[in-house]
Amino acid sequence: MRLWGGRTTKPTDPRVERYNASLSFDLRLAGEDVRGSQAWARALARAGVLPASEAEAIQRCLADIQAEVDQGTFHAAPSDEDIHTAVERLLTERLGPVAGKLHTGRSRNDQVATDFRLWIMAHAPRLAGCVLDLQEAFLRSALADLCTPMPGYTHLRQAQPVTWGHWALWHFWALGRDVGRLDQVRRSAAILPLGSGALAGTAFPVDRMALAGELGFDGVSPNSLDAVSDRDFAVEFLFAGALLGVHLSRLAEQLILYSTAEFGFVELDEAFTTGSSLMPHKRNPDPLELARGKAGRLIGHLTGLLTTLKGLPSAYDKDLQEDKEPVFDAYDTLAETLPVLTGLIGSLRLRPERMRSALSPETFAVDLADHLAARGVPFRQAHEFVGQAILKAESLGVGLDQMRPEDWQAVSPLFGEEMAGLFDVGRALDRRAAGGGTSAAALQAQAGEAQGWLASRGRPAQEPNGAGRG
Ligand code: ARG
């Protein structure tokens, strides 16, 4: 069925028909389309456009269709151009010409924008729920090894000691910002376009505020041209998804590295690795590699839709039909990736002895310089002295922590007997006691903040997970 044709004399070329159709993917909007139509039928009745009995008949029939959608027995015909056509055809088959009154004052342009917004309003929070699950896994892992030392890296070179808890909470907070963005996406989507007609508004006295309230929108669009043109909410969804994907990708890359034989800081549970068809010894981090790789397609969806939108003229253009597949695919991609990562983090085994033994004495270089600075040496000069001490240790062929007091003295008389005692990871960590740092107290405070953050989103306090140590 098609919803137009009065002025056409020829059938559409079958190639165009196929090309034009969006049913294969917008079938996912069936529930939203039915809800939107039910609300529209009620609005028309309240406006006196539709007799109450007809509005009721339409609503009852739509409720049956909704039940079919919920039970998975909803069947569109291949000849339906899109989901709006499919629902209207079913309605027409079951109710006769009365069904044709539902489209009074409405266009597929405001209808599709409404459906799509409803879908995003429901699915952005679902994705946020998956992110919260992953955050909980990170917090549990952080609590279990809050003060377990490990090397911290910049430029992928050892920099200063940090702790596992510190590392895990880093990802907790990055994901927390993703949740915030998904909340915002929901708010952006929650502006009702219905009642905008094709582009110029509707000529029937429908109460748009009441419609918005019934459908769960926060407000109504102030301009009908803008209402049918606007896909900012979809772009924002894709941006939130792309950035979330980038966070997951960076996380995956770190875990791939940390789980290598060379690093050996963590061990992936076997259930989260896969084997090789040729090399019997392999346990590959495929799920992490996929999580890293999928960032590419998520970024692609964002740039794709932005590019589709950039040259569009007024109001609805068929180009806009290209908005749905990227959004659905971004959702599916993330809804699949996040639970895998949640399981993987929850089953990760730490190897604290490997993390500790990997710490090179040079990661204490800043502590040595700080020590001199605390005694009044300008930091720049202290930096220089420590650099010279490193050179000296290299020339002696010993580790920086193996230098004897006289070796230190040869670099500068400011270096006293106490130098050997500065190579203490607990001391180094605890010195960074300002908020956000690595001291035990700062980490406790941070973990408490993370607990509070989760609680404010309805997630109760976490117990450390029992993930063992390899
Ligand atoms: N299937 C179309 C879409 O997804 C629905 C809107 C059609 N509107 C129109 N004027 N052709 O964008």
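Structure notes:
- Residue in segment 386-399 that is more than 45 Å from the chain's Cα centre (by Cα), of a type in the set (S, T, N, Q) and either in a loop (DSSP other than H, G, I, E, B) or surrounded by fewer than 17 Cβ atoms within 10 Å (Cβ to Cβ) (or both) present: yes
- Any chance residue 455 is at pLDDT 95 or above, under 26 Å from residue 343 (Cβ atoms) and surrounded by fewer than 18 Cβ atoms within 10 Å (Cβ to Cβ): yes
- Reported count of residues in segment 21-52, each being outside any helix (DSSP H, G or I) and not β-branched (Val, Ile, Thr), is 6.
- Scanning segment 176-225 for residues that are of a type in the set (A, V, I, L, M) and closer than 14 Å to residue 114 by Cβ returns 189, 190, 191, 192, 194, 198, 206, 211, 212, 215, 220.
- Qualifying residue in segment 308-317 (condition: of a type in the set (Phe, Trp, Tyr) and surrounded by 16 or more Cβ atoms within 10 Å (Cβ to Cβ)): yes
To keep it simple, each residue is scored yes or no on (1) closer than 20 Å to residue 130 by Cβ; (2) within 16 Å of the ligand (Cβ to nearest atom); (3) not hydrophobic (A, V, I, L, M, F, W, C).
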| residue | (1), (2), (3) |
| --- | --- |
| 273 | no, no, yes |
| 279 | no, no, no |
| 285 | no, no, yes |
| 293 | yes, no, yes |
| 311 | no, no, yes |
| 328 | yes, yes, no |
| 339 | yes, no, yes |
| 358 | no, no, no |
| 361 | no, no, yes |
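- Selection count where residues are surrounded by 14 or more Cβ atoms within 10 Å (Cβ to Cβ) and not in a helix (DSSP H, G or I), scope segment 280-307: 3
- Taken residue by residue, segment 352-368 has no member that is in contact with a Cys (Cβ under 7 Å, 6 or more places away or on another chain), buried (at least 19 other Cβ atoms within 10 Å of the Cβ) and touching a residue at least 12 places away in the same chain (Cβ under 8 Å).
- All of (1) of a type outside the set (A, V, I, L, M); (2) buried (at least 22 other Cβ atoms within 10 Å of the Cβ); (3) out of contact with any Phe, Trp or Tyr (no Cβ under 6 Å at 6 or more places or on another chain) hold for residue 135 with one exception: (3).
- Residue in segment 343-356 that is β-branched (Val, Ile, Thr), in a helix (DSSP H, G or I) and over 30 Å from residue 287 (Cβ atoms) present: no
- Considering (1) under 37 Å from the mean Cα position of the chain (by Cα); (2) more than 16 Å from the ligand (Cβ to nearest atom), the lone condition that residue 95 does not fulfil carries the number (1).
- Any hit, segment 53-62, residues being in contact with a Ser or Thr (Cβ under 6 Å, 6 or more places away or on another chain), buried (at least 17 other Cβ atoms within 10 Å of the Cβ), in a helix (DSSP H, G or I) and aliphatic (A, V, I, L, M): yes
- Filtered residue count, segment 98-125, keeping only those that are β-branched (Val, Ile, Thr) and more than 16 Å from the ligand (Cβ to nearest atom): 2
- Note on segment 190-200: residues that are more than 16 Å from the ligand (Cβ to nearest atom) and either surrounded by fewer than 22 Cβ atoms within 10 Å (Cβ to Cβ) or in a helix (DSSP H, G or I) (or both) amount to 2.
- The residue list 76, 39, 57 contains one member that is within 30 Å of residue 329 (Cβ to Cβ) and away from the ligand (no atom under 16 Å from the Cβ), which is 39.
- Looking at segment 204-279, the helices (runs of 4 or more DSSP H) lying wholly inside it that each contain 1 or more residues that are within 23 Å of the chain's Cα centre (by Cα) and among the hydroxyl-bearing types (Ser, Thr, Tyr) sit at 232-258.
- Counting only helices (runs of 4 or more DSSP H) that sit completely within segment 72-189, those holding 3 or more residues that are touching a residue at least 24 places away in the same chain (Cβ under 8 Å) and in contact with a Pro (Cβ under 6 Å, 6 or more places away or on another chain) correspond to 108-144.
The values are calculated or read from the model by the stated rules, or taken from the named source; none is laboratory data. What you see is a predicted model, and the numbers here were worked out from it, not measured in a lab. Methodologically, a virtual Cβ is constructed for each residue, glycine included, from the backbone with ideal geometry; neighbour enumeration extends over all protein chains shown.
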